[in-house]
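Here, each number is a calculation from the coordinates, and none is a lab measurement. The structure displayed is predicted, hence computed values, not measured ones. Note: ideal-geometry Cβ built from the backbone for every residue, glycine included; neighbour counts use all protein chains shown.
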Amino acid sequence: MPIDYHKPLKFYRRILALFIGACILVGAVLFLLSGAEGDLASASPQRQDSQATDPGRADEQARKDERDKRRPDHVLRSRPENVVWGGFPIDRPPVLTMQSGQTVRIDALSQSGATGTVSPVEFFALFGVKPGEVLQDLVDFWKTIPNGGGTRPRYGPHILTGPVYIDGAAPGDTLEIQILDINLRVPYGMNNTSQMGGVLGTAYPGFRTGDTGLNTIPLTGTIPNVRQHLYRATKVRGRDVAVVADGVQVPLAPFMGVMGVAPATGVFVQAPANDPNVLGVQSSWPPGPFGGNMDLKDLTAGAKLFLPVFQFGAQFYTGDSHSAQGDGEVSGTAIEHSLSGVFRFIVHKGQTLDFPRAETATHYIMMGTDLDLDRAMRKATLEAVKFLVTEKGLTEAKAFSLASIGIDFHVAEVVDTMQLVSARIPKSLFVKDSRDDDERKDR
């Protein structure tokens, strides 16, 4: 019988094929597991700093951010049909619907000069601004309000662009807003001061009968007893600044004073007596669990904001744009400046927050608000302790200790009825345990 020399060869081919198939299967399983882990990380606001430990991934993300700044997926202009005056309606149809992970450039209008008895062109002319420097959408907005001959309802003081619906967002989720870029739309902004304004006003919780104010006599403007200051953005050594006086310059650090989502149905945060929640709409004046008028100056380009979602689509609004502000915003206004920002929205399914939190390249930021500044401080402390326990694995005792010895608490704003205290937790506190490195070397 002749010997079939091909049989052993066929046998080894089968063994090789089975081995290759097994390798492919194992590789596919490992890939899926790593992908699932990545999806979980991206879906969880509890793992916000995962890129910090992966320089390659961080570089890739930085390049993507740069591309998205130049070419966002969507652009939303602050035309009259795309803005709301001073509130967060929960039933307003979307002016834009987008997917989680997409980007959008949103134009925002400052309310300064846009809601008075004279047109924005007339108003800014009082400060030497030429008609061509006044935004057309600001003029068009003024024409829709009663002072301009229109009938637009007013829920509060700010002009808000929105709502932007993010597809798939639902109550109980968290909306992450990545602030990729913020630009000036015009080269000037306004700040107001008055004898009894801001923290000196009678409506401020710290006011006591007999308290006196400042002798700020108005020079120009259209508001009685208010001195209005126009500051032009000026380049000094390559950086934008506002020149306050000879030898006094304030670096510009633009951010959106209001970023928020539609609040929970039937739940209202107290608004000032002269600006109540009307028509069943939450006023934009006070901040709350929905975000809103936080006036948190840390929310510049590169920062992230995390908001609880209360309505389907989240329904994001932004406005009250500032080019510079100190913590406290004590006069009642910052440099109120029309801006444009690029944002990326990410929906974290099933990840619930009790209150907004933020993150910068160097800090985690927790917040607390209340009519009473002492209560706001207490709430911010509890939010910081909660974060350290749930995100960093500390006991409550250690978390409270760390809050006392390693965390700075800032008074972010005190002029929006609800006062806001921020807890700024340095990321540098969380160093890699050297013992982990030693263990890896021993393996």
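Given 4 °C and 1.567 mPa s, how large is the Stokes-Einstein diffusion coefficient of segment 58-429 in µm²/s, with Rh as the Kirkwood radius over Cα pairs? It would help to have the intermediate numbers written out before the result.
Numbers: Rh = 21.1 Å.
The estimated diffusion coefficient comes to 61 µm²/s.
Sorting check: for 121-132, 302-313, which peptide has the highest mean count of neighbouring beta carbons within 10 Å, and how do the rest follow? Each step should come with its number before you reach the end.
Values: 121-132: 15.2, 302-313: 21.0.
Packing order, densest peptide first, comes out as 302-313, 121-132.
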Using the Karplus equation 6.51 cos²θ - 1.76 cosθ + 1.60 (θ = phi - 60°), what ³J(HN,Hα) coupling, rounded to whole Hz, does each residue of segment 236-241 give in order, writing x for Gly and Pro? 10, 6, x, 10, 6, 9
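Rank these for me by crowding, LEU109, LEU402, going from fewest to most other beta carbons within 10 Å.
Working: LEU109 29, LEU402 17.
Least crowded to most crowded, the residues run LEU402, LEU109.
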Counting pairs of Cα atoms in segment 89-177, how many percent are more than 21 Å apart? 45
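Any of LYS64/LYS432; LYS304/LYS427; LYS297/LYS427; LYS69/LYS386 with alpha carbons more than 24 Å apart? Name them for me. Show your work: numbers first, answer last.
Numbers: LYS64/LYS432 28 Å; LYS304/LYS427 14 Å; LYS297/LYS427 18 Å; LYS69/LYS386 34 Å.
Correct reply: LYS64/LYS432; LYS69/LYS386.
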What residues have an amide H closer than 5 Å to that of LEU180, excluding those fewer than 5 places away on the same chain, when H is modeled at 1.01 Å from N in the peptide plane? GLY302, VAL342, PHE343, ARG344
Interchain or sequence-distant (5+) residues whose placed amide H lies within less than 5 Å of the amide H of LEU96 are TYR165
Using modelled backbone amide H atoms (1.01 Å from N, in-plane), which distant-in-sequence or interchain residues come within less than 5 Å of ASP370's amide H? ALA376, GLN419
Which ³J(HN,Hα) values in Hz, rounded to whole numbers, follow from the phi angles of segment 416-424 under the Karplus curve 6.51 cos²θ - 1.76 cosθ + 1.60, where θ = phi - 60° and Gly and Pro get x? 10, 6, 7, 8, 10, 10, 10, 9, 9
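When 1/r is averaged over all different Cα pairs and the result inverted, which Kirkwood radius in Å belongs to segment 318-382? All intermediate terms of the calculation are to be shown ahead of the outcome.
On the way: mean 1/r = 0.0674 Å⁻¹.
For segment 318-382, the Kirkwood estimate is 14.8 Å.
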Can you check what the net charge comes to around ARG79, using other residues whose Cβ is under 10 Å from the Cβ of ARG79 (Lys, Arg +1; Asp, Glu -1)? -3
Calc'd 3J(HN,Hα), segment 179-189, phi into Karplus 6.51 cos²θ - 1.76 cosθ + 1.60 (θ = phi - 60°), Hz, glycine/Pro = x, comes to 8, 7, 6, 9, 10, 6, 8, 9, x, 8, x
